[in-house]
């Protein structure tokens, strides 16, 4: 009798644990360093966005990928303009300094063989399906690959390595199921009881390249930093540069930021400006 009760208890416990495992739901973010390193080495590296094989350092990318070269020059123009604006306001900025002064990104980091962009996260954005429907795209959201600027070099016999707060976000649209729905897509992000979220499961499932199409490359980078000794009321202050780039082979286009008014267009179009004002007035409660 005791053995029978024990068997029933084991069966019940197994059923209960299985239910808990199923309740964990889909994978929303991949941030395990070992898995990310494996993905980086299996065709999901930053250089692959620009169809550059082999070495992934930024000097190679700058020299061999016209699209990356153009993106770097665009960023350099933004940084130069920001630097001039801040200098005109009495704030000089320096790339290399030990003083208690403002610092600005050294653009040489983006074209040196001592640096590369490393994969630091993969994010499941199935929820972005709503935005695709608004645009009439009919996809199943997005998958986002986040790359962060990292460097490593030797100096005086020592290896100096770290990361910088300079990130690119590669956005891929996800193709729908054969019937146009997203049930299958969502299911591929949910591991079964005998499955592990490893490199094989990812590239054979939710990250299968046949179901992904490149959409755009987003930049979110800290380009200016004022130390706390200079900005005592804020404990330091930083300025970030945000941009969105479309890439088609060697051609780069600039896209508008989402949820950001196009001030130049609104200034030139009184009717559009009035339409925006009317919409905000009619939806104040929802906006707030």
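Miscellaneous remarks
- One residue from 54, 77 being at positive phi and over 17 Å from the mean Cα position of the chain (by Cα): 54
- Boolean, residue 198 is over 23 Å from the mean Cα position of the chain (by Cα) and either touching a residue at least 24 places away in the same chain (Cβ under 8 Å) or under 15 Å from residue 142 (Cβ atoms) (or both): no
- Region 30-63, subset out of contact with any strand residue (DSSP E or B) (no Cβ under 8 Å at 6 or more places or on another chain) and outside any helix (DSSP H, G or I), residue nearest to residue 125 (Cα to Cα): 32
- Residue 74 being under 20 Å from residue 220 (Cβ atoms) and surrounded by 13 or more Cβ atoms within 10 Å (Cβ to Cβ): yes
- Breaking point among (1) modelled with pLDDT of 95 or more; (2) not in a helix (DSSP H, G or I), for residue 110: (2)
- Some residue of region 217-235 being modelled with pLDDT of 90 or more and exposed (fewer than 11 other Cβ atoms within 10 Å of the Cβ): no
- The set of residues from region 169-208 being in a loop (DSSP other than H, G, I, E, B) and surrounded by 13 or more Cβ atoms within 10 Å (Cβ to Cβ) comprises 175, 176, 177, 182, 189, 190, 191, 197, 198, 205, 206, 207.
- Boolean, residue 185 is touching a helix residue (DSSP H, G or I) at 6+ places or on another chain (Cβ under 6 Å) and assigned by TED's automatic domain parsing to the domain that holds residue 70: no
- Summed over region 105-137, residues that are more than 28 Å from residue 61 (Cβ to Cβ) and either surrounded by fewer than 16 Cβ atoms within 10 Å (Cβ to Cβ) or not assigned by TED's automatic domain parsing to the domain that holds residue 33 (or both) total 8.
- Tally, over region 248-270, of residues that are modelled with pLDDT of 90 or more and over 27 Å from the mean Cα position of the chain (by Cα): 5
The values are calculated or read from the model by the stated rules, or taken from the named source; none is laboratory data. Given the structure is predicted, the values throughout are model-derived calculations rather than measurements. Here the Cβ is made from the backbone with ideal geometry for all residues, glycine too, and neighbour counts use every protein chain on show.
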